[in-house]
Every structure is written in C-alpha cells, then in structure tokens.
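To start, the structure itself, in structure tokens.
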Amino acid sequence: MVASSFPADLESFLSSHHLSPTAGFLPSPPPAVSFTNFEFNIWLFTAKSIPKLLWNYPGEFRKQVDALPLLLFTESCGNIPQWRLAYCALSYIAQAYVWGATVGRPKDEDEAYDEKVLDYIPANIAIPLRHVAFHLGIQPGLTYSAVCTWNWQRKFPTLSSATQERASNLEPIFSFTNTAEEAHYVVTHVMLESAGGQALKLALEASKAAGEKDGDSLEGVLRDLTGAVTKCKQELSLVKEGLDPDVFYSRVKPYLTGLGATNVLPKGVFFRSYPDDPTKGEWIKLSGATASQTCLLPTFDTLLGVTHSEQSCYKYNERMRLAMPQCHVQFLDALTCLPRVKDYVMANKTNDHLYEAYNNAVIALEAYRDHHFSVIGPAKRLTQAERGTRFAMERLGEIRPAAVVAPYEIDAFNKCKSDNVELDFHETKLQPSTVSLAKGSDAICIFVNDKADAETLQKVKESGIKLLALRCTGADNVDLAKAQELGITVVSVPQYSPDAVAEFAVGMMLTVIRKYHKSYSRVRENNFSLEGLLGFNIKERTIGVIGTGAIGLRVARILSHGFGAKVIGYDPMLNPELKNDPKFTYVALDDLLAQADIITLHSPLLPSTEHLINSETIGKMKKGVVLINTSRGGLVDSKALIEGLKSRKISAAGLDVYEKEGRYFFQDKSQSVIQDDVLARLLGFNNVFISGHQAFLTQEALASIAKTTLNNVTTVVNGEDCSNVLKPSK
C-alpha cells in the first residue's frame, strides 16, 4: 500500500535510519578509526596486522588471535561509530583466521588448499563478533558494510572539504593483503556510494513531489535523478579499471568469499561459544562481502515504482537484505509507505514531458543495474522480464537505436530525431560485456573508441540487433568481415564538418610553434617572461599534408591561401580540386618528408598506413620538423616519435589522437595514475601538446553527425538503400 504523505522533516527521517542527506548510506561523519576505550585497541592492532602476519609470518596470525583475551564490547549503545569499528575489526580477524595464508599460493605446496582452511572461529572472536553484529542487526561476518561502507578513512583529514572527498585521499582502514588492488576495490565502492548519496536525495525529492502532485517539480527532479544515476554507473565503471586481475582474483577476492558459499566450507563455519569447550557453538553460513548488498538499487526501485516479478529475483533480493544493516533494511521498508513516483506519472499520462523524464530515469536505472551485475561478476542476474519495466516505451512503428554517447552529443541527437525514433543513451563503451544494454533495440550506434571486434559482434548478433551505426568516418575499430558474415549491416558518417577538424589542426599547429599553451600556463602564475616562447612564421614555410581528402583539402587551402605557406602533399589518390590548385603541389612521400618544415596527417588508418610515421620515415625528415596528427593515432609509432623528440629531429608535436587512446580518451582520468608508459612519456615533453580527440567537437559537426547517423539508421531499418553502408575491403 502506498501512502500519500511524505515525512515533514527529511533530515530527521534519514537520521533515524542512520543515513545522511548528503552521504546517503555512507557514515557521516566518516567512520571511527580508533576506540575510545583503549582496552579494545587490541582488536584494532590485530586486524591491522593481518597483511603483515599472513604473508610474512605464515601461521603466526592464528597464534596471535588464539592468544587474545575474551572481551565483551561495552561501548554505549548509542555510539554507533564505535560499534561499527568493532564489527569491521572482528569481521576481518574472523575471516583471516578461517582462510589463513593460503590465498594466492600454489596448490602444489606442502598441503592442499582446502586442508589449510579452518572451519571454526575461536570463542574469543566469535562471542564478541556475534554480540556486536546482533547490536547492529547484521550478520556476524564479513559483509559489504564491513569491507566498503564502514571501512574507509581520509589520508589527510585536514584538507579542504572538496579535496577530502577525492578518491586519492581515501584508503581502507583494514585490509587482508595491503595491495593496491584491494584498496582500489574499497575506495571505488566508497566513491560509488558517495555518488549514490546525491541520487538518493533526488529520489526522495521525486517521491515528495509526487506526493504533493507537483508535476513541474517532479519533472525537473527526475531529469536530475537521471544524471545522478548515470554518475553512479560511471563510478561503478571504475571498480575493475586498473585492477591487476591476477592479483585481485587470486589474492583479494577469495578473502571476500562467504563462509559456506563454496565447497571448501560446505557447512559454513562453527562459531565456538565457550573458550574451554570447542564442541559447543553453532554452525553458521555467511554470504561474504559482495556489492549486491548495496542498498542503492532497492531504494531507487521502490521510490520509482520498479518491480521484479520473477520469484527468483525476489529471493535473491531478500537474501541480500539479510547481509544489510538492520537500520538500512528498516529504511527500505519505510520507503514502501512513501508516495510512489510511477503512480503519479501513470495518472498523468497526457503530460508528455513528465512521461519522458520518468522513462529516462528508469532507463538510466536499468543501465546502472545491468552494469552493476556485469561488474560484480557471476552473481544472479535479473532477466529482462519486469527488470525496470519502461512502460509505454515500445510504441508501434518506432525505431529504437541504443547510442553509446557522451553527454555533449545527446542534445544534438534529440534535436535531430523524428517522432518515430527512440534513443537510449549510454556513456559506457561498446564491448562484449556491455552489448546487453542495447537489448531490444534496432541498432547500436558507436564512436571511434568503441570495440566492435569479432567477439563483440557475435554478442550483437545474439542480442538480435542487425545494424551497427558509426558516428564517425573511420571504421578501423570494426571487424567488417565478421559483421558481413553475421549479417550485421554497418553504416558510417563519411563526412561531417571537415572544417572542424581542419581548423583545429591549424590551431594546434599555431599552438605548438607559437607556444600558446606555455604562455597561458605562465601568465596564470603571473609569469610574463618571454623566455623560451620564440616561434616562427607559417608564411613561406613548407608544409606537408599527408592525406588530401575532405579535411586535408581544407587544411591545404587554409595554409596556402590564408597564411601564404608553400603547401605540398602526398596521397595515393589525388584530389582533383588540389591537383589543379596553383598554390599546391603533389610530391612523393620521401620528398615531402625531406622538404617539409611542418607535417600534418589526414590519412585514414588502413593496414597500409599503420605506423606511417615510424623510425625510418622520421629519419628522412628535415631536422627540427613539427608533426601534427588530428587523424588517427595508429598512423604514428609513438615509441619512434619519442625517439625523434629526444634526438631533436622533431622539434615539437601536436597530437589530438594516440594509438592506444581507447583506455583514456573521452574519460576523466584526473584522479588516476596513467599506466601507459608511452603516453605518460609523451605527456612529459614540454614541446608536445596533446588534446583528447576533440578536433571534431563543434556544434556544426555534432549536428551533422546526428543528422547523418539517424538518416542512416532509418533508411536501413525501413529497408531502403543506404549509400553509407560499409563493406570489408577485398
């Protein structure tokens, strides 16, 4: 039953369930890191010694635990942070005691893996752990709360508030392995819960607006909620990024496993209840720590009115609730008495804008849920039936492409689409694990760094999608032969505002030879010195254009007709417009390399052009040449470029593309360490200017891309001939 009222004081409502209006399910203030009663710091010391003792002194950890005194936690009942700290410390001690130092060790050592695992927890840990867990209303063992939600601290608590909340300033309180992989796992989930706090607040505001029958406010809140849920999905994407799978899955992951969740401990573990009698106690099975125990998904489901009709899904959700803190379970139960957003939207179907805002929020939630289950791995996955049902979305005659897009593209597509086209937007890249996001669509729309190899295309085929639409010209990221074999049509945008890329290329040229970027950085620090900023004129310089298609043509004309440069070019296929231009001359590639003061690349990436710029071709260049690449990263052998820069053969370079950019470009990596040593080295040169593949990014180009892409899709879906279909080269 759904009530029509909303709590008068939201902050008090949240506080009563130990939630925060800003941090959501995370503790606010942050978790306690020490006990006020020094007697219990022995638990703290033991839990923090787990990595050192387990890995450096095998067998010593269990001896240390066996020697601990039996203590009952006597902190005041209302001091929840202290109880949570005790729970985390005892859970880590118990888990490490059971698994010991076997995780990640070869099975062919002196004993078999399962013989090194203990099936009991000693009474001096089992008794206080059960006591503390009972007080908190949570299972007496490792959970998502123990590993992530309550297990973090700030490295530098005195930093400014904005800096404090960065992932780089967070670390776990307790760890099994003290590896970067384990710390990354904990911190990324904390950041996810932090993003979820904002989404939680918006979901509650949506419920309030629905209860007050305020359609205008509800529409705005739903649009904000869509963005907040998408942000959660983005944070979730970082969980596996940068993890060394060998380390995480062999050393870290087993410690998070439930006690009784595998055939190693089929009965669970025996919680001894008497120090002097090991036969007395109770067998208990524990679920372990899994991100499925997050409260975010059930919260959004309840407030938006999303239901899961399958009985298996219901049982799965109920099992996860058993590992949640009781205060959070009570909060989820309380949500069922709040106004449900779906009910108000269904009662106001004629409000198209509200209807759209609600559907978009549910689509974002479905994408987040799908991504959640793809990230956490082999956990039970909800099926399509009633999984975040998007009511009134499948209208007769609609075309429904799923577009893998960045936020700045959405507006352009929405402006260009017709009434019979429905778009699902996803920020995640296309790869085998994300194909499921497009299930039920007529087409998938991708960009340059999405992955459409044979494995991905097979998944696309299995999902029933027969059309792949590229929002770019180059198709080097698509296995066209495999697509043809599977009956998948591939279309592209052969030309979209070539002026955008041409103008950017010339701008990048000016930046590196006149050092705009250096001057900008200096002046912001009140350094107005001109030392080291000497450049040269483009006029009467020889500029080599490699690739003279639509973009190369425009670059050549800007430089020759506009700047008065001597422009030469190379292309196996001559452009008639340039062939007859008196201010342009075609030459052989070797001649261009030897003569040009500046070389700018505008060729497609083909087998014949991959690493066109390599150690051999660099050796043929004029000393002090400037290299510009706004085309495809694979045209340049980056290691050879580094050697050319070090030898001063190349005096400067401007790169809008990089041959292995897929892992970094189009993403915010400001809080990450660049793992690509070649890219990191290029970023370290003060005479190299790198931008993140933005040459195409103008209003005109985005409008052209959207228009052509949507036209390609509607043409193919309607069974008409499309001139932009791509075929594999013979």
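A few notes on this one:
- Each Lys and Arg Cβ is given +1 and each Asp and Glu Cβ -1; about its Cα centre, the chain then shows a dipole of about 1100 debye.
- Ranking of GLU11, GLU182, GLU531 by solvent-accessible surface, largest first: GLU531, GLU11, GLU182 (1.4 Å probe, protein heavy atoms only, all chains present).
- Cβ-based charge dipole, the chain, positive-most Cα from ILE173, GLN95, SER217: ILE173
- Rounded to the nearest 500, the helix-only mean residue ellipticity at 222 nm of the chain stands at -12500 deg cm²/dmol, with each DSSP H run of n ≥ 4 adding -39,500 (n - 2.57).
- Only Lys, Arg, Asp and Glu carry charge here, each on its Cβ (+1 for the first two, -1 for the last two); on that basis the range 174-258 has a dipole of about 140 debye about its Cα centre.
- Sites listed here are trypsin sites (Lys or Arg not before Pro) in the range 593-692 whose DSSP assignment is loop and whose Cβ has at most 11 other Cβ atoms within 10 Å: LYS623, ARG648.
- Against the chain, whose longest principal axis comes from its Cα atoms, helix 123-136 is set at around 70 degrees.
- The range 576-730: C-alpha gyration tensor shape, a/c 1.5 cut-off, then a/b vs b/c: oblate
- By the compact-protein rule of thumb, 2.2 N^0.38 Å, the alpha-carbon radius of gyration of the range 505-604 corresponds to a ratio of 1.23.
- All lysines inside 23 Å of LYS466 as judged from Cα atoms, apart from same-chain residues fewer than 8 positions distant: LYS417, LYS429, LYS439, LYS451, LYS482, LYS707, LYS727, LYS730
- Using a probe of 1.4 Å, the accessible surface attributed to ASP301 totals some 20 Å² when neighbouring protein chains are kept in position.
- Using a probe of 1.4 Å, the accessible surface attributed to HIS131 totals some 70 Å² when neighbouring protein chains are kept in position.
- Nonpolar atom fraction for the range 527-574, defined as the carbon and sulfur part of the 1.4 Å probe accessible area, stands at 58 percent.
- 10 °C / 1.306 mPa s Stokes-Einstein diffusion coefficient of the range 29-106, Kirkwood radius on C-alpha pairs, µm²/s: 118
- Placing HIS18, HIS189 in order of accessible area, with the largest value first and a 1.4 Å probe, yields HIS18, HIS189.
- Within the range 575-641, the GluC sites (Glu not before Pro) that combine a DSSP coil assignment with at most 16 other C-beta atoms in a 10 angstrom radius are GLU610.
- Among the lysines of the range 168-316, pairs at least eight places apart or on separate chains and with Cα atoms under 22 Å apart come to 12.
- Among VAL673, VAL506, the sequence by solvent-accessible area, most first, with a 1.4 Å probe is VAL673, VAL506.
- FRET efficiency, 1/(1 + (r/R0)^6) with R0 60 Å, evaluated for ASN348 and GLU643 via beta carbons: 0.35
- Think of the chain as a dipole: +1 on every Lys or Arg Cβ, -1 on every Asp or Glu Cβ, centred on the Cα centre; then among SER608, LEU627, THR188, LEU627 lies furthest on the positive end.
- Rounded accessible area per residue of the range 617-666, 1.4 Å, Å²: 36
- Contact order normalised by residue count of the chain, Cα under 8 Å, 6+ apart, percent: 10
- For SER603, the accessible area of its heavy atoms, probed at 1.4 Å with every protein chain present, is near 10 square angstrom.
- Normalised by 2.2 N^0.38 Å, where N counts its residues, the alpha-carbon radius of gyration of the chain equals 1.11.
- Surface share of carbon and sulfur [accessible, 1.4 angstrom probe, percent] for the range 618-718: 48
- Listed by chain and number, the lysines whose C-alpha is less than 23 Å from the C-alpha of LYS515, apart from same-chain residues fewer than 8 away, are LYS539, LYS566, LYS622, LYS623, LYS646, LYS649.
- Qualifying trypsin sites (Lys or Arg not before Pro) in the range 217-309, where qualification requires a DSSP coil assignment and no more than 14 other C-beta atoms within 10 Å, comprise LYS267, LYS280.
- Seen against the Cα atoms of the chain and their longest principal axis, helix 80-99 is set at about 90 degrees.
- Across the options ASN712, PHE685, SER672, the greatest Cα extent toward the positive end of the charge dipole of the range 619-714 (unit charges at beta carbon of Lys, Arg, Asp, Glu) belongs to PHE685.
The values are calculated or read from the model by the stated rules, or taken from the named source; none is laboratory data. Quick caveat: nothing in here was measured; it's all calculated off a predicted structure. Glycine also receives a Cβ, built like all others from the backbone with ideal geometry; neighbour counts cover every protein chain displayed. All accessible areas refer to the heavy atoms of the entire protein, side chains included, with ligands and DNA or RNA removed. Shrake-Rupley method; radii C 1.70, N 1.55, O 1.52, S 1.80 Å.
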